[in-house]
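To keep things clear, I will list the structure first and then write my remarks on it.
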Amino acid sequence: MYIGKVIGRVVATVKDPGLASQRLLIVQPLTALLAPSGRQIVCTDAIGAGAGELVYWTRGKESSFPFLPVEVPTDTTIVGIIDRVNRC
Amino acid sequence: MYIGKVIGRVVATVKDPGLASQRLLIVQPLTALLAPSGRQIVCTDAIGAGAGELVYWTRGKESSFPFLPVEVPTDTTIVGIIDRVNRC
Amino acid sequence: MYIGKVIGRVVATVKDPGLASQRLLIVQPLTALLAPSGRQIVCTDAIGAGAGELVYWTRGKESSFPFLPVEVPTDTTIVGIIDRVNRC
Amino acid sequence: MYIGKVIGRVVATVKDPGLASQRLLIVQPLTALLAPSGRQIVCTDAIGAGAGELVYWTRGKESSFPFLPVEVPTDTTIVGIIDRVNRC
Amino acid sequence: MYIGKVIGRVVATVKDPGLASQRLLIVQPLTALLAPSGRQIVCTDAIGAGAGELVYWTRGKESSFPFLPVEVPTDTTIVGIIDRVNRC
């Protein structure tokens, strides 16, 4: 999984039926020091993340697991909200 | 999922039978600020996107979900047209 | 899917039985302007591509779909020959 | 699989139920010479790795195999602790 | 698939049971001109590759096909030894 921050939202009227009831959040990937790193992505949201929140997200088929038995055609999903990052 | 813009089309006579009735669109990946970012890709299209439109697309096996029960050998599919990107 | 050009061939005597009857072509990934971009890959070939041809190829599990019901352990397969790229 | 080092931990109260009993470790990917390389990731842990340990981890759906029959929505999992890297 | 060279070995006592009887080789990815390119990876080995050999390897779920019906949690596997690379 990857660390990221919710920085926006995508509004889309025309979309695949499998995505019909999904909020689509824009996430900026971050390093462990919370510095931006790489291209922003569009995530479905399995846990109710809000604007500006620090989250972690999955990539690939696992991203559709939280929505089973519905087969949502998503490959990037927010699966947790980060309270704190502890470095060691 | 990833933000992109339709910038062209691929014409191909010889192709895998699973792709026979698919339009193949060229998509330029974009950042959340809609700046080009990275190599262009060839997408199948689940929703009827047109030239110049802002879209979002999936990568990986999820890209074949919209075409089920047909097993289309595609790994990049346009699944929505973006009306607006709201940053927060 | 991704645009590429066939630039060579890999000869391999020792290989996984699942790859036994497969030609292995070296493909140079290209941008939409047909400029080389990124590391060359080794592809199985679902459609009979030849030396120097412009093709498009898939990455990931979808790459084994054209060979079903045989489970070929490949993650990069040429699935079409490009006649023409139209930009808009 | 990839070489990495455990450099921290993510604390998260709100998360997908599938991740409920999982420790989430921050891993810095490394080269074969053990130099840091690329963005840090958040891994589930199949084998009980500790702070500062050298590990190897998988990416993708295989990352959920160690937790079967539970379908954990993770795409990066530590699957071994490295005792030694021998170069040849 | 990708071209690479076996440059070492990982020794690991603690690992996921699914990896128990697997040799873990370090592979340096190469270009078609056999120049090193990108971070080294840790591969399982489906065909008995040795130190210094030129190989090709898969990434992703296909990497576990050679070990079926055992579900080995690997995402990078050597599936062939390269005798020769012919460019055209």
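Figures for the structure shown
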item	result
Cα centroid separation, region B:51-88 to region C:1-74 (Å)	23
Amide H contacts under 5 Å for residue C:59, placed H, 5+ residues apart	B:75
Accessible area that becomes buried as B packs against A, both chains, 1.4 Å probe, Å², nearest 100	2500
3J(HN,Hα) from dihedral phi, region D:23-34, Karplus parametrisation 6.51/-1.76/1.60, rounded to Hz, x for glycine, proline	6, 10, 9, 8, 10, 8, x, 10, 7, 5, 8, 6
Shape call, the protein assembly as shown: gyration tensor on alpha carbons, a/c limit 1.5	oblate
Relative contact order of chain C, pairs being alpha-carbon contacts under 8 Å that are 6 or more residues apart, as %	31
Average partner coverage of B:50-62, which counts Cβ from other chains inside 10 Å	6
Accessible area of the protein assembly as shown belonging to carbon and sulfur atoms, whole % at 1.4 Å probe	55
Overall dimensions of chain B by Cα: Rg and Dmax, Å	12.9, 46
Relative packing of peptides B:63-72, D:74-83 - highest average C-beta neighbours within 10 Å first	D:74-83, B:63-72
Accessible surface, chain A, averaged per residue in Å² (probe 1.4 Å)	36
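The values are calculated or read from the model by the stated rules, or taken from the named source; none is laboratory data. Everything numeric in this text was worked out from a predicted model, so none of it was measured. Heads up, the Cβs are rebuilt from the backbone with ideal geometry, glycines too, and the neighbour counts pull from every protein chain shown. Only protein heavy atoms, including side chains, enter the accessible area calculation; ligands, DNA and RNA are left aside. Shrake-Rupley method; radii C 1.70, N 1.55, O 1.52, S 1.80 Å.
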